[in-house]
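Worksheet: one structure, shown below.
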Amino acid sequence: MVRKCLQCSWGIVNSILLALYLFVFYELLIVPAVLDWSAYGVALVLLLISLLVWCIPDEKRLSTTVTALTFLLAMKAIDNIRDFPLLNKIFGTLFIFFVLLIVGKLLGRFKVRRYLVMFLVALILNSTIEMSQVRFWTEFGVKWVSPALYKKYGSVDYFPIALADVDADGIKEIITQENLDLAAREQRDIAEKGVVESTLEPEYSRFVVYKWNGETFREIQPGKYDPDRLAALLPVDYIGYPLYESTIRDYNGTEHRLNPQLDSAELVEKTVRFGSLPFELLKLNQRSLEARIDSFPDVSYPELSPAKLPGNLLPGLPEELVIIDDTLKVWDSQGKKQVVGTLTRENIPDIGTAEILTGDVDGDNTDELLLTAETSRILKLTDGKWQTLWSYPAVMGDKARFQKFRFEDFAPLGSNPTPHIIALSKSNVRDNPTRYMTGYIYENGTLYQKWRVFSGLINLRAGDVDGDGKNELVGYMYRRHQVFVLEKHNLPVVQGLYIITAGLIVTGFGLQWRKKRKKPDGGGQVA
């Protein structure tokens, strides 16, 4: 009896360990390999899976393989019904349970007890873990996630993020936007009544400032900081560019409004005139650019604007000021004396809509210009001339017009004091426009990848937002409208997972070899 209980307990523990391994193996190895390396990743995954399956003893191979597949399918299916109403979720879970049980028994004839244990693990994991956060685990811990900042019925994909000390206490706060409750109610009423929304209605939103209180991030009320300073620190950003322009409205100094540059009727009229459409779009771009220049506040808070920022681009001079309008100009002595460097449309065709950062990426104590455009570049200014240290590699015959590489920040993260490039970049092989969070260091004309996370975060900003002396990474979850605060760790998660996988394969090979050696000559029983 005792022996039977011990075997039962070990079987339960074994099933739990198998389920946990399958979970992290799928999320942290299979998914990243396929996303980053496409067909090559699929080939690598199939090789690993084949080796793992072959290492399972012959008499247990089919049942274990089918059990593993049903667990992964259960994880995915339960996650898909996460947002269902409670009653629907219960019925959906029962349906998933019985369908997988029947299919699994028919295919693999696995033990029902093992299936029950692994299905329970799938339920617990889905109930306690937000699956969208799992892929951060390879490099980051999730410190805080904001509530949804934008309601369901809306046309905005994302809001910008800035980090700045708005209350002058020496610690940076998180600045972003959310839509007003009035706008949410209007949009909900329109959707419920079945009325089709106009294409370009004004979007109302307000600034929100989140501050760390020692336990979590809480919103600071507008009266506790200077709204003019807040407005000056915000990046200029157009949602739906170039169809919208952003303006500050008189709502306690903090309301933000996105005004359409043309109404829906005008848009339709211009679109159907095919011959004049390119010229109309050119005018629209020009109007957006002029609005961007005119709306920039003339105050001494330039540190966070993508259109104006200081940097030590030349040795032996005070910090220079970099300003973009229809060209990029570098002024010495903070813009009070003369232009020491210029980039025009002849140098970079899309310079007027480019975004810029400065940072000493090559370690020579002089800042370089990190320019995000359709072809992103790292540029060094020497004697009024620009040298291209690095540019996003062009693909022959590539006609896709989107930013495949985007510089987000240049800063240290976590306990490592060395700053590095924080960027959004596409996968190593696939031509899909999706970009992933990536850290790089620059050496000898090449960017070397330090880390990568396959998530949907954009608008990444590095800064110490909790006062611990270490930079966190703050980003916006695309279309989910949530702000994430991530803490960098130095744990070898992926390397450890590879070691465990290799250990399982080696152990399996050893067991198979040992089993074959024990068989009599001829591989069967002696007559």
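Residues whose amide H comes within less than 5 Å of that of A164, counting only those at least five positions distant or on another chain, are E173, I175 (H built at 1.01 Å from N in the peptide plane). Using only alpha carbons, the range 101-173 has a radius of gyration to Kirkwood radius ratio (Rg to Rh) of 1.24. For N312, nonlocal amide neighbours, meaning residues 5 or more places apart or on other chains whose placed amide H falls under 5 Å from its own, are E320, D367. Pairs exceeding a 25 Å alpha-carbon distance, out of K60/K105; K329/K380; K143/K211; K385/K470: K385/K470.
Taking packing as the residue-averaged number of other Cβ atoms within 10 angstrom, the listed peptides 89-97, 60-68, 205-213 run from highest to lowest as 205-213, 60-68, 89-97.
Around the amide H of V340, modelled in the peptide plane, lie the amide H atoms of V330, W331, D332, all under 5 Å away and 5 or more residues distant in sequence or on another chain. Multiplying the residue separation of A168 and W54 by 0.36 nm and subtracting their alpha-carbon distance yields 34.8 nm.
No value in this document is a laboratory result; all are computed from the given coordinates. All values reported here derive from a predicted model rather than from experimental measurement. So basically every Cβ, Gly included, is an ideal-geometry build from the backbone, and we count neighbours across all protein chains shown.
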